[in-house]
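Every number in this text was worked out from the coordinates using simple rules, so none of it is lab data. What you see is a predicted model; the values in this text were computed from it and never measured. With ideal geometry, Cβ positions are generated from the backbone for all residues, glycine too; neighbour counts draw on all protein chains shown.
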Amino acid sequence: MVTAILPTYARAELAFERGEGARVYTVDGEEFLDFSAGIAVNSLGHAHPHLVAALNEQAGKLWHTSNAYRIPQQERLAERLREATFADTMFFTNSGTEAIECAVKMARRYHFSKGAPERFRLITFEGAFHGRTLAAIAAGGQAKYLEGFGPATQGFDQVPFGDLDAVRKAIGPETAGILIEPIQGEGGLRVAPPQLLRDLRALCDEHGLLLIFDEIQCGVARTGHLFAHEASGVTPDIMAIAKGIGGGFPIGACLATEEAGSGMVAGTHGSTFGGNPLACAVGNAVLDVVLEDGFLERVQNIGLRLRQGLAELQDAHPGAIAEIRGDGLMLGIRCNSVENRAVLAALRDERMLAVAAGDNVVRLLPPLVIDENDVADALARLDRAFTVAESALTGDAA
Ligand SMILES: *Cc1c(COP(=O)(O)O)cnc(C)c1O
């Protein structure tokens, strides 16, 4: 008989009961070091007092009203994000994939409203991940996510990651824009070089296209910048965010310039739950912390410490580790002789959580509030896990 929960996930045999900072505790009381943060979601760690207080305070007042009414918490969050980013306007969602869906609709609607409804296609990149709705799996272009779900949603042209010539060739009379993750998460922590983002910006300007960034994973201070693209000096026309902005509460948003959003007039889009008072109270609380003086610098510094430690780990395991990738606290260890899954299994025995990514990468996405001790602790566990994975390979007793 089927499980009560549709068996779409390959779940680990672990269930957690509570958490504090970068530590989570199973129902049996075992402590784990959490360097996955719910896949870059628990940006401030578990049970952050400021988030708990914000959620509790709002929970006692008002949870939900619908977007038929003004929502002061949503207006405040939008004003603050507008103040802190390139954006003039935004739409709130409950998830990343809905933020992407909104971005795709917005790009199409923009050209429609300019009298060019034929311009509906987006150029995307191999290895991309944009979510699991029908448009998002078409945008991501991965066969394993598309198979069996009928004809792929039209309008996505995929080119090799980072191949500017291929982008140039893919631009045609139906092209509406370019969609890219400044750092690929699921795809294996591949960083889009700043020059690539600048070149894409120039191409978009030259051809009247919209540049769309998916910062659902790499955004909200993850790289030590409020948004990862800021390091390149270019700004997008549209940007999807989610994950870290809610710190664990489901919320996403599609941010845009006034011009890019100009086709989205009254009645063109909607969401029952998107941006409700509860979600936005938590989103504002996350911003309170990440916008504090010194927070981003701290993420940069601790990210550098972790990266240095990973470079030493690579020196200690030259056969197993091919490369360290990523930025800030979004780092990947590309494995060579060992399988990333074997390392993750060994890490679990070390009571540490991390995430797999494409390209045989072990992905580290710790809460942004980790300290030096957490880094040292993680490096020691990683060292032991790589030793175990390597010895399993040669058949030595671990
Ligand atoms: C997680 C993720 C998504 C999808 O977000 P959901 O909240 O799972 O719908 C889209 N793009 C990127 C880059 C992601 O990491």
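Here are the numbers for this structure:
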read-out	value
Of the trypsin sites (Lys or Arg not before Pro) in segment 101-130, those whose Cβ has at most 13 other Cβ within 10 Å and which sit in DSSP loop	Lys114
Label point at His207 placed 7 Å out along Cα→Cβ; residues across segment 105-132 whose backbone nitrogen lies under 19 Å	105-128
Other-chain or far-sequence residues with amide H under 5 Å of Ala322's (modelled H)	Arg334, Cys335, Asn336
Relative contact order of segment 288-345, pairs being alpha-carbon contacts under 8 Å that are 6 or more residues apart, as %	26 percent
Whole-Hz couplings from phi, Karplus 6.51/-1.76/1.60, listed for segment 302-318; x for Gly and Pro	6, x, 5, 4, 4, 5, 4, x, 5, 5, 5, 4, 4, 4, 6, 10, x
Long-range amide H partners of Phe120 with built H, under 5 Å	Ala176
Antiparallel DSSP beta bridges within the chain, as percent of all bridges there, nearest 5	65 percent
For segment 280-373, convex hull of alpha carbons as volume per residue, Å³	115 Å³
Simple label model, 7 Å out from Cα along Cβ direction - Glu292 to Leu62, nm	2.9 nm
3J(HN,Hα) from dihedral phi, segment 358-372, Karplus parametrisation 6.51/-1.76/1.60, rounded to Hz, x for glycine, proline	x, 6, 6, 9, 8, 9, 10, 9, x, x, 6, 9, 5, 10, 4
Amide proton proximity set for Thr153, modelled H, under 5 Å, gap of 5+	Ala138
³J(HN,Hα), Karplus 6.51/-1.76/1.60, whole Hz, each residue of segment 374-386, x for Gly, Pro	4, 5, 4, 4, 4, 5, 5, 5, 4, 4, 5, 5, 5
Spatial extent of segment 50-290: Rg and Dmax, with the Cα atoms as the point set, Å	17.4, 56
Estimated inter-spin distance, Glu31 and Arg168, nm [label 7 Å along Cα→Cβ]	5.7 nm
Span from the segment 276-330 Cα centroid across to the segment 1-43 one, whole angstrom	20 Å
Helix 277-290 axis, angle to the chain major axis (alpha carbon atoms, nearest 10°)	60 degrees
Helical contribution to [θ] at 222 nm, DSSP H n ≥ 4, -39,500 (n - 2.57), averaged over the chain, rounded to 500	-11500 deg cm²/dmol
Over the chain, relative contact order from alpha-carbon pairs under 8 Å, at least 6 apart, %	22 percent
Rough spin-label spacing in nm, given labels placed 7 Å along Cα→Cβ, for Arg80 and Asp315	4.2 nm
